[in-house]
Amino acid sequence: MKDRKESSPQPIKIQDNTFRDGHQSIYATRMKTEDMIPIAEEMDNCGFWAMEVWGGATFDTMHRFLDEDPWMRPKILKKYAKKTPFSMLLRGQNLVGYRHYADDVVRAFVDKSCEIGIDIFRCFDALNDFRNIETCVERIKANGKHLEGTVCYSLTESRLGGEIYTLDFYVAKAKELEKMGADTICIKDMAGLLSPYDAFDLFTALKKAVKVPLHLHTHYTSGMGSMSYLKAIEAGVDIIDTCLAPFALRTSMPACEPIVAALQGTPKDSGINLYKLLELSEHLENIAPKYKHLLADHRLSIIDTGVLAHQIPGGMISNLTSQLKEMKALDRLSEIYTEVVQTRKDMGYPPLVTPASQIIGSQAVLNVLFGRYARISNQLKDLVLGLYGKTPAPIDKDLTAKILKNYKRGQTPITGRPADELPPEIEEAKKTIGHLARTDEDLLGWILFPQTMEKYLQTKYGNDVPPSASAKE
Ligand code: CO
């Protein structure tokens, strides 16, 4: 056993996502910092490659629902976890919000994130248009931090291949990221679509194509997650993401414990102490009563087998269902599934991740109920106009003309970087918010979430400042 270990200098590295994606995926991002503190020091001693503690939806939910200053979490946790690098999920020009922000906001946000203790930036764009991460990249590198260039995993068929999402596509994207200065490259499989043998082929090809370490992020949603990790490990992936068991499985990540156990004594042994992990899970079980009500328990199955058939992620299905309920058209759900496939194809096969999943889903509903493109949402017009970036495949010219006819924001798609269209925001925001924003952190938070952050700041500072008149979300 010992000899086998020594013959392989490359144990699998594990990033723990319990404090971010874990509770974002299954407990509505509601975990409080106070429940992280008691195990932060022990987590730090486990030997994880990194701990994901921030970004994604945490910024939003912390100030909106938990009455916590979002900027404080990394600062607080850093006091307890001093050795393990902290990582965050950053949506490129969307930062941790839901629209594209101007470059001055993006620069200030990344600088501030470095200052509060983020070491590794997992930076992605929903359309895999890397012009949308350029400004982030510039500041991450300027601050001497770790850039994890990220490709969103998507498919055009049930397996890798077909029109767009081929091995060559991912290899080309990875090379592009390496050129941009990525320190590691991550394949981000947000819907758990990556199948085990595709994972093997993908990481075999990527290993040959780029020199930097490779990271796989997958979700357990379809039930394939742990199998895909194992095959990716066999193909040479360097780092994987897991959560401690109580925050794993379902739509979250595969659990850490079984993977650590499965690799024990093999050349890929993680070196992480299984018993330590069990103690940490025990703490999470003790806080369970606070979070259990947030767990979706309307189905017996903890996996979403539907994803295996139609590839539409669970979150998107619940959005579609509620939209159809409102329109009293729930009986048309199966037609919508078919239409989602067509609408996505028409729009150049964007990955079904926020915001593309919502844009495609809503349009598919409109298409089924009122006729194909008889009614068109403004977000779809923006997508066609190029304001989200370049779609993976081009959109048909006639369809483009039809969709953009008389659109007030423009009729000819832009081909440049979307953020070049946006004027600076910070100085204007300072004038609007006035004294309510006492720090740069307050100001940036307010630019991202004007309505809810204004409410939060009024509470924080004891309501002694009148709200601004013109706050807009
Ligand atoms: Co995720």
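The values are calculated or read from the model by the stated rules, or taken from the named source; none is laboratory data. Computed from a predicted structure; not experimentally measured. A quick note on method: Cβ atoms are made from the backbone with ideal geometry, for glycine too, and the neighbour counts reach across all protein chains shown. What goes into the accessible areas is simple: the full protein's heavy atoms, side chains included, and nothing from ligands, DNA or RNA. Shrake-Rupley method; radii C 1.70, N 1.55, O 1.52, S 1.80 Å.
Computed about its Cα centre, the charge dipole of the stretch 312-420 is approximately 280 debye, with only Lys, Arg, Asp and Glu carrying charge at their Cβ. Measuring nothing but how far apart in sequence close Cα pairs (under 8 Å, 6+ apart) lie, relative to its length, the stretch 312-420 scores a relative contact order of 23 percent. Measuring max minus min along each principal axis, the C-alpha atoms of the stretch 54-168 give extents of 48, 32, 31 Å (largest first). How many percent of all Cα-Cα pairs in the stretch 134-179 sit more than 12 Å apart? Looking at the stretch 134-179, the distances longer than 12 Å represent 66 percent of pairs. In the chain, helical runs assigned H by DSSP with n ≥ 4 each contribute -39500 (n - 2.57); averaged across all residues and rounded to the nearest 500, the mean residue ellipticity at 222 nm is -13000 deg cm²/dmol. Over the stretch 1-127, the alpha carbon radius of gyration divided by the compact-protein estimate 2.2 N^0.38 Å works out to 1.16. Our note on the geometry: Cα centres of the stretch 239-297 and the stretch 83-154, 27 Å apart.
Look at the alpha carbon pairs under 8 Å that are at least 6 residues apart: their mean separation over the length of the stretch 8-54 gives a relative contact order of 61 percent.
Over all distinct alpha-carbon pairs, what is the Kirkwood Rh of the stretch 426-467 in angstrom? It works out to 9.9 Å.
So what is the diffusion coefficient of the stretch 312-420 in µm² per second by Stokes-Einstein at 20 °C and 1.002 mPa s, using a Kirkwood Rh over Cα pairs?
For these conditions, the coefficient is 151 µm²/s.
Across the chain, Cα pairs under 8 Å and at least six residues apart give a relative contact order of 16 percent. Close Lys pairs in the stretch 312-420 (alpha-carbon distance under 27 Å; sequence gap of 8 or more, or different chains): 20. Using θ = phi - 60° in the Karplus curve 6.51 cos²θ - 1.76 cosθ + 1.60, the 3J(HN,Hα) couplings for the stretch 57-69 round to 8, 4, 4, 5, 5, 4, 7, 6, 10, 9, 6, 10, 6 Hz; x is entered for Gly and Pro.
If one computes the Cα centroid of the stretch 325-400 and of the stretch 43-59, what distance in Å separates the two points? Cα centroid of the stretch 325-400 versus Cα centroid of the stretch 43-59: 35 Å apart.
Ordered from highest to lowest accessible area with the whole protein assembly present and a 1.4 Å probe, ARG107, ARG332 read as ARG107, ARG332. To put it simply, the accessible area of the chain at a 1.4 Å probe is 52 percent carbon and sulfur. Its alpha carbons give the chain an Rg and a Dmax of 22.2, 71 Å.
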